[in-house]
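K.L.:
Below you will find the structure I want to go over with you.
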Amino acid sequence: MTTTPVAHPDRPPVPSGLIWHVRDAWTEATRHLRMIPRNPELIAFATIQPIMFVLLFVYVFGGAIQIPGYENYNQFLIPGVMAQTVVFGSASTGIGLAVDLSKGLVDRLRSLPMKRSAMLVGRTLADLIKNTLTFVIMLIVAFLLGFRFKGSLGEALLATFLLLFFSYALSWVQALIGLSVGSVEAANSLGFIWMFPVTFVSSAFVSPDTMPGWLRPIARHNPFTRVTDAGRALYNGLPTDGAILESLAWSVGLVLVFSFLSFRKFGNAD
């Protein structure tokens with residue numbers, strides 16, 4: 001026995017076409033971006049943690065850690081902290097979606113004549129812009145501490161793109177988490193708990209060669225390591241050894257897989 005879908009007469013028809021989809025996504029993104037001037041502490045708190053990491057590692061461990069091929073620890077460390085900063089910044093996607101779901105705001109948006117997928121695209125786009133602002137502040141602090149681009153300007157821009165694109169890819173991972181858990185607290189805990197082993201079992205702070213033998217392959221093949229290695233090599237004007245293509249492949253793959261899963265989860269959450 002089949003049932004015929006019942007139309008909702010109170011809901012206006014949703015405009016179709018790519019232009020409308022882009023407009024809806026940007027409208028949703030601006031809704032989140034307008035909250036930044038009203039809550040400047042969001043950016044402040046997002047930048048305090050990476051600044052603390054840089055200061056602690058540079059001034060506490062900088063004199064004891066020597067990395068072959070780098071004139072000082074700053075040139076090795078700061079690209080790793082930049083990568084960690086944008087990864088941690090992606091957590092706001094899952095937490096934000098969990099907050100909107102708990103407040104019933106998502107149900108309200110679903111009643112409007114807009115693309116459902118635009119809600120997720122707009123959310124991830126807004127978080128990418130916020131991550132970019134945090135990254136710029138982090139870069140200014142890095143230059144004050146003596147970090148310099150050793151490669152060309154084009155290489156520095158490519159490194160920045162790779163890091164931010166990876167953060168955008170992880171925003172889709174966080175989106176699925178935010179849509180899957182039952183509370184804001186769970187989204188906050190689950191969104192952060194996996195990031196610590198991913199970022200620390202990597203080349204962000206030390207070379208994987210210094211780790212125990214069983215841990216080295218894990219650290220070397222960690223996607224975070226490949227993105228960090230690509231950014232670090234480009235910032236320092238060093239050979240990338242295929243890390244650029246690997247980091248792009250990881251980012252594209254994460255976006256494709258987790259955006260599909262997030263759209264599917266969001267569509268079934270009626």
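None of the figures in this text is laboratory data; all of them are computed from the coordinates on show. Just so we're clear, the structure is a prediction, and the values are computed from it rather than from any experiment. So basically every Cβ, Gly included, is an ideal-geometry build from the backbone, and we count neighbours across all protein chains shown.
K.L.:
Tell me the net charge near L234. Cut-off is 10 Å between Cβ atoms, L234 excluded, with +1 for each Lys or Arg and -1 for each Asp or Glu.
P.N.:
Working: positive: K150, R232; negative: E155, D229.
Net of charged neighbours comes to 0.
K.L.:
Quick one: net charge around T93, please, counting Lys, Arg +1 and Asp, Glu -1 for every other residue with C-beta under 15 Å from its C-beta. Spell out each step's value before the answer.
P.N.:
Working: positive: R31, R123, K130, K265; negative: E28, D100, D127.
Once positives and negatives cancel, what remains is +1.
K.L.:
Counting each DSSP H run of 4 or more residues in the chain as -39500 (n - 2.57), what helix-only mean residue ellipticity at 222 nm follows after dividing by all residues, to the nearest 500 deg cm²/dmol?
P.N.:
Values: 13 runs with 190 residues, N = 270.
Mean residue ellipticity at 222 nm (helix-derived): -23000 deg cm²/dmol.
K.L.:
Starting at the first residue of the range 161-167, write each ³J(HN,Hα) from the Karplus equation 6.51 cos²θ - 1.76 cosθ + 1.60 with θ = phi - 60°, in whole Hz, x for Gly and Pro.
P.N.:
Whole-Hz 3J(HN,Hα) from phi for the range 161-167: 4, 4, 5, 5, 5, 5, 5.
K.L.:
Starting from the exponent 0.38 and prefactor 2.2 Å, build the expected Rg for the range 18-268 from its residue count and divide its actual Cα Rg by it. Let's see the in-between values first.
P.N.:
Values: Rg = 18.6 Å, N = 251, 2.2 N^0.38 = 18.0 Å.
Computed over Cα atoms of the range 18-268, the ratio equals 1.04.
K.L.:
Taking the beta-carbon count within 10 Å as an exposure proxy, list Y70, Y235 from fewest neighbours to most. Can you show the working numbers first?
P.N.:
Numbers: Y70 15, Y235 24.
With the sparsest Cβ surroundings first, the list reads Y70, Y235.
K.L.:
Then there's this: Per-residue HN-Hα couplings for the range 119-133, Karplus 6.51 cos²θ - 1.76 cosθ + 1.60 at θ = phi - 60°, whole Hz, x for Gly and Pro?
P.N.:
5, 6, 4, x, 4, 5, 5, 4, 5, 5, 5, 5, 5, 5, 4
K.L.:
Moving on. For the chain, what relative contact order do you get, as a whole percent, if you take Cα pairs closer than 8 Å and at least 6 residues apart? It would help to have the intermediate numbers written out before the result.
P.N.:
Values: 328 pairs, mean separation 69.4, N = 270.
Relative contact order for the chain comes out at 26 percent.
K.L.:
Specify the residue with the greatest mean-square fluctuation among A219, A44, A175, computed from a Gaussian network of the chain linking alpha-carbon atoms under 10 Å apart.
P.N.:
For the chain, modelled as a Gaussian network with Cα springs under 10 Å, the answer is A44.
K.L.:
For the range 147-158, in order, what is each residue's ³J(HN,Hα) by Karplus, 6.51 cos²θ - 1.76 cosθ + 1.60 with θ = phi - 60°, in whole Hz (x at glycine and Pro)?
P.N.:
Whole-Hz 3J(HN,Hα) from phi for the range 147-158: 6, 9, 7, 8, x, 7, 5, x, 5, 5, 5, 5.
K.L.:
Here is a follow-up. Enumerate the lysines that K265 could reach by cross-link, defined here as Cα to Cα under 28 Å, with residues fewer than 8 away along the same chain left out.
P.N.:
In chain and number order, the partners are K103, K115, K130.
K.L.:
Moving on to the next point. What does the charge count near D209 come to, summing +1 for each Lys or Arg and -1 for each Asp or Glu among other residues with Cβ under 11 Å from its Cβ? Each step should come with its number before you reach the end.
P.N.:
Working: positive: R216, R220; negative: none.
It works out to a net charge of +2.
K.L.:
Once fully extended, how much extra length lies between K265 and K103, figured as 0.36 nm per residue of separation less the alpha-carbon to alpha-carbon distance?
P.N.:
Working: separation 162, 0.36 × 162 = 58.32 nm, distance 1.83 nm.
Result: 56.5 nm gained on full extension.
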